[in-house]
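To start, the structure under review is shown below, and the notes come after it.
The values are calculated or read from the model by the stated rules, or taken from the named source; none is laboratory data. All values derive from a computational prediction rather than experimental measurement. Every residue, glycine among them, receives a Cβ derived from its backbone with ideal geometry; neighbour counts consider all protein chains shown.
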Amino acid sequence: MSALHLDNRLVHYEVVGKRGQPIIFLHSWLGSWRYWLPTMDHISERYRAYALDFWGFGESDRNESDYSLSTYVTMICRFMDHLGITKVNLAGHGLGGMVAIRAASLHPDRFNKIIVSNTPIDGVQLQEIVRPGALSRLFGRSNPTNIWARLIRQFEMDDPEIHKEIIEDTESLSEKLVQQVITAILETDLRQDLAKLEAPLLGIYGERDSLVSHTHADFLQEDYKHLQQKIKIPKAHHFPFLDHTNVFNRLTMDFLNSSSDDKVAIKEEWRRRVSQLEYI
């Protein structure tokens, strides 16, 4: 476990790999840094992988705060400054992907490549799904933190231990944090950020995600300077890096290792491998 203080507030982070270009992994409004560990392990031979807990999540400071995209963008930049990282790749899931896009839009000189997974682009499209009232009606419980944890239990994941950790991390979140983060998501429209983006971006979405529809991938401007690409993984859910780990990790490595003009795709041999595993 590693930690540092930014503005007198504790930031918990982890590092995997000793050499190579740095990449920072950003978690969503569910769980914490820990669900990124399988992907971090996979790429650590060629990249130095960092993952941190946003303020309010995991082992980072949980004192009363403004939990917003702008706060987390500043947190990422200050984190980089503290560690002496001048330029980095970013990978974000859900909320983390939103932070990654906004950060790269505001600070284009600081980010090489961006990978987002199951990330809302126009937050208002999640209005009927993520509002606490809607979930309360669905599950019959009023505490939004408990509601999200109950929802996570329904997701399919290959690793039961990581699944358990995501549930525990989500159950430990404060109700105020959950409500503030959801409000920030609903109020955010990243289409203008995408139009200004200079860094190559890959969006990976699960076609069976019940929280963030894969149609958000269609906001990516694939004709815009050939820098934005989208991949929709069949049969994948909200955590494609956990239920289709092999495919997700290969796409990640191909994108990070490619030139800006190269396109990445799910290769046929990956499809066969996944298909075989489904019947084992």
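Of all residues in the stretch 150-163, which are at pLDDT 85 or above and loosely packed, with under 13 Cβ neighbours inside 10 Å?
Across the stretch 150-163, the qualifying residues are Pro160, Glu161.
Just checking, how many residues over the stretch 233-270 are surrounded by fewer than 21 Cβ atoms within 10 Å (Cβ to Cβ), touching a residue at least 40 places away in the same chain (Cβ under 8 Å), among the hydrophobic types (A, V, I, L, M, F, W, C) and part of a helix (DSSP H, G or I)?
Summing the residues that are surrounded by fewer than 21 Cβ atoms within 10 Å (Cβ to Cβ), touching a residue at least 40 places away in the same chain (Cβ under 8 Å), among the hydrophobic types (A, V, I, L, M, F, W, C) and part of a helix (DSSP H, G or I) in the stretch 233-270 gives 1.
Does any residue of the stretch 78-87 turn out to be out of contact with any strand residue (DSSP E or B) (no Cβ under 9 Å at 6 or more places or on another chain), polar (S, T, N, Q) and touching a residue at least 24 places away in the same chain (Cβ under 8 Å)?
Among the residues of the stretch 78-87, at least one is out of contact with any strand residue (DSSP E or B) (no Cβ under 9 Å at 6 or more places or on another chain), polar (S, T, N, Q) and touching a residue at least 24 places away in the same chain (Cβ under 8 Å), which makes the answer yes.
Consider the stretch 64-75. How many of its residues are out of contact with any Gly (no Cβ under 9 Å at 6 or more places or on another chain) and over 20 Å from Tyr50 (Cα atoms)?
Residues that pass the stated criteria total 4.
Take the residues in the stretch 101-123 that are assigned to a helix (DSSP H, G or I) and over 16 Å from the mean Cα position of the chain (by Cα), then tell me which one is surrounded by the fewest Cβ atoms within 10 Å (Cβ to Cβ).
The qualifying residue surrounded by the fewest Cβ atoms within 10 Å (Cβ to Cβ) is Asp109.
So Thr86 passes all but one of these: (1) modelled with pLDDT under 95; (2) hydroxyl-bearing (Ser, Thr, Tyr); (3) loosely packed, with under 15 Cβ neighbours inside 10 Å. Which condition number does it fail?
With (1) modelled with pLDDT under 95; (2) hydroxyl-bearing (Ser, Thr, Tyr); (3) loosely packed, with under 15 Cβ neighbours inside 10 Å applied to Thr86, the lone miss is (1).
Just to check your reading of the model, which residue among Trp29, Trp36 is within 16 Å of the chain's Cα centre (by Cα), surrounded by 16 or more Cβ atoms within 10 Å (Cβ to Cβ) and modelled with pLDDT of 95 or more?
Sole residue among the options that is within 16 Å of the chain's Cα centre (by Cα), surrounded by 16 or more Cβ atoms within 10 Å (Cβ to Cβ) and modelled with pLDDT of 95 or more: Trp36.
Does any residue of the stretch 111-126 turn out to be among the basic types (Lys, Arg), modelled with pLDDT of 95 or more and in contact with a Ser or Thr (Cβ under 9 Å, 6 or more places away or on another chain)?
Yes: the stretch 111-126 contains one or more residues that are among the basic types (Lys, Arg), modelled with pLDDT of 95 or more and in contact with a Ser or Thr (Cβ under 9 Å, 6 or more places away or on another chain).
Taking Glu64 and the conditions (1) assigned to a loop (DSSP other than H, G, I, E, B); (2) within 13 Å of the chain's Cα centre (by Cα), which numbered condition does it fall short on, given that it satisfies the others?
So the condition that Glu64 fails would be (2).
Which of the residues belonging to the stretch 6-23 are within 16 Å of Tyr67 (Cα to Cα) and assigned to a loop (DSSP other than H, G, I, E, B)?
Asp7
Just checking, which of Gln229, Gln180, Gln221 is of a type in the set (S, T, N, Q), part of a strand (DSSP E or B) and either touching a helix residue (DSSP H, G or I) at 6+ places or on another chain (Cβ under 8 Å) or under 29 Å from Asn63 (Cβ atoms) (or both)?
Gln229
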